[in-house]
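Read-outs: derived from the displayed coordinates by stated rules, not from any lab. Just so we're clear, the structure is a prediction, and the values are computed from it rather than from any experiment. In this analysis, Cβ positions are derived from the backbone assuming ideal geometry, glycine residues included, and neighbour counts consider all displayed protein chains.
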């Protein structure tokens, strides 16, 4: 049997609003990046300037890819709010502290389980 969240409805709604706001901010930034990269006004005859532009674009695209992955995690967190499992640790099924959820709203593990996981990863050399 899957555990249900212990967070109050008003807290869940606050987390939902926070996640939706962050998703919208990231999508807005992604839209700006697409617009900037497709306006095609850059014409740099100097190879160093072109290389610098390409390097900047690659960096920007890596950031946007990370943000895309974060958006997926945020959407998954909203689904957990909807199904009543938000704030429940996937490892031990105990509650995730509100303080931890505020710091990392997409988290799926309590601090104890996450710490254990990170120690194991370190031991394995991952």
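So how much slack lies between residue 91 and residue 4, counting 0.36 nm per residue of separation and subtracting their Cα-Cα distance, in nm? Working shown, then result.
Numbers: separation 87, 0.36 × 87 = 31.32 nm, distance 1.43 nm.
Extra length available between residue 91 and residue 4 comes to 29.9 nm.
Would you mind calculating the gained length between residue 59 and residue 73 on full extension (0.36 nm times residue separation, minus the Cα-Cα distance), in nm to one decimal?
2.9 nm
Could you work out which residue, out of 27, 102, 53, moves most in a Gaussian network model of the chain, that is, has the largest mean-square fluctuation with Cα springs under 10 Å?
It is 53.
For a label point 7 Å from the Cα of residue 18 along Cα→C-beta, name the residues of region 81-102 whose backbone N is under 12 Å from it.
87, 97-102
Restricted to Cα positions, what overall size does region 21-126 have along the principal axes? Three whole-Å values, descending.
In descending order, the Cα extents are 60, 36, 18 Å.
With springs only between Cα atoms under 10 Å, which of 114, 22, 99 fluctuates most in a Gaussian network model of the chain?
For the chain, modelled as a Gaussian network with Cα springs under 10 Å, the answer is 99.
Quick one: order 10, 121, 76, 67 by neighbouring beta-carbon count within 10 Å, fewest to most.
Ascending number of Cβ neighbours within 10 Å: 10, 121, 76, 67.
Quick one: among 57, 80, 100, which has the greatest mean-square fluctuation in a GNM of the chain with alpha-carbon springs under 10 angstrom?
Largest GNM mean-square fluctuation: 57.
Assuming 0.36 nm per residue, please report the length gained on full extension of the stretch residue 123 to residue 48 beyond their Cα-Cα distance.
That pair, residue 123 and residue 48, stretches by 22.7 nm at full extension.
Sequence gap at least 6, Cα distance under 8 Å: using those rules, report the relative contact order of the chain to the nearest whole percent. All intermediate terms of the calculation are to be shown ahead of the outcome.
Working: 76 pairs, mean separation 38.8, N = 126.
After rounding, I find 31 percent.
Arranged by the count of other C-beta atoms within 10 angstrom, fewest first, what order do 15, 44 take?
So the ranking, lowest neighbour count to highest, is 44, 15.
In nm, give the distance between the simple-model label positions of residue 83 and residue 115, each being 7 Å from the Cα along the Cα-to-Cβ direction.
Using points 7 Å along Cα→Cβ, the separation is 2.9 nm.
What is the order of 106, 72, fewest Cβ neighbours within 10 Å to most?
Fewest to most other Cβ atoms nearby, the residues stand as 72, 106.
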